Amino acid sequence: MSYREILPSDALRPWVECFWKREDELPGSEVRVLPDGCADVIFDLSSGNGLVVGTMTKPLLYQPRGRSQLIGVRFRPGRAAAFLRIPLADITDARVPLGEVWKGFTRELFDVAEMEAELLRRLDPDRDRRIDHAIARLVSSGGKARVDAVAEEAGLSRQHLARQFLHHVGVSPKTFARVVRFRNVIETLPSRDEVDWADVALEHGYYDQSHLISDFRELGGVTPSSFHFSNR
């Protein structure tokens with residue numbers, strides 16, 4: 001298996017986190033894809049099929065079954081709706097054929113340059129900057145910022161913020177904050193063999209260790225210790 005990421009052009013960088021390519025030559029072990037607050041569009045270069053993967057609130061298990069070539073675009077949190085032009089809540093935790101979302105999509109092979117051109121053609125940049133502020137605030141806080149405070153800073157009611165998150169992000173602000181916090185724990189785990197999970201929970205804004213374990217089980221499908229051991 002090989003995997004690599006490609007930075008988007010300057011025009012797409014505010015909207016797209018990266019393009020990525022994955023190639024599998026032989027059947028492999030099960031791959032666990034964890035929630036990251038983003039939506040992806042994926043093309044299978046072998047078949048020409050396109051797929052939209054909505055924002056995830058649980059792990060996606062993928063089993064490589066032989067030779068395949070995938071190329072995808074990972075949108076930044078809250079930015080996919082500007083290209084897909086549907087409420088992201090409609091596809092949360094779903095994998096949908098791209099033709100059901102992008103009218104006029106034809107089965108053809110894509111490379112990054114073709115994908116960039118297609119994305120720029122479909123981009124509708126009209127958006128509420130207050131939502132961008134709220135997303136950025138939750139990300140910068142590591143998911144620890146209170147939703148009420150984020151809504152107030154953005155100049156929105158909590159109810160309006162929740163509706164806008166469902167449209168642009170696909171999940172509520174509270175769920176998005178949980179995913180951000182979960183990812184932050186994963187990305188900042190110490191590399192040492194032993195981890196004091198009570199300290200980790202406190203550092204990342206969990207009520208206690210049991211709260212951390214509960215989020216790991218729901219969002220990752222594993223316990224923190226199992227995840228850490230398998231990724232050392």
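The values are calculated or read from the model by the stated rules, or taken from the named source; none is laboratory data. None of the values given here were measured: they were computed from a predicted structure. For neighbour counting, all protein chains shown are included, and Cβ atoms are generated from backbone atoms with ideal geometry for every residue, glycine included.
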Problem set entry | Matching option when the condition is free of Cβ contacts under 8 Å to residues at least 60 places away in the same chain and surrounded by 13 or more Cβ atoms within 10 Å (Cβ to Cβ), among HIS204, HIS228 | HIS228
For this session: Filter the stretch 208-232 for residues that are modelled with pLDDT under 90 and in a helix (DSSP H, G or I) and give the result.
Result: SER225, SER226, PHE227, HIS228, PHE229, SER230
Exercise. Which of the residues that make up the stretch 55-75 are crowded, with 17+ Cβ neighbours inside 10 Å and assigned to a strand (DSSP E or B)?
Worked result: LEU70, ILE71, GLY72, VAL73, ARG74, PHE75
Seminar exercise, completed: The condition of being surrounded by fewer than 19 Cβ atoms within 10 Å (Cβ to Cβ) and of a type in the set (A, V, I, L, M, F, W, C) holds, among LEU156, LEU84, LEU120, LEU161, only for LEU120
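Table: residues versus (1) touching a Gly at 6+ places or on another chain (Cβ under 8 Å); (2) modelled with pLDDT of 95 or more.
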| residue | (1), (2) |
| --- | --- |
| ARG32 | yes, no |
| SER47 | no, no |
| GLY50 | yes, no |
| PHE75 | no, yes |
Seminar exercise, completed: Wholly inside the stretch 76-149, helices (runs of 4 or more DSSP H) that include 1 or more residues that are touching a residue at least 24 places away in the same chain (Cβ under 8 Å) and closer than 25 Å to ILE186 by Cβ are 129-140
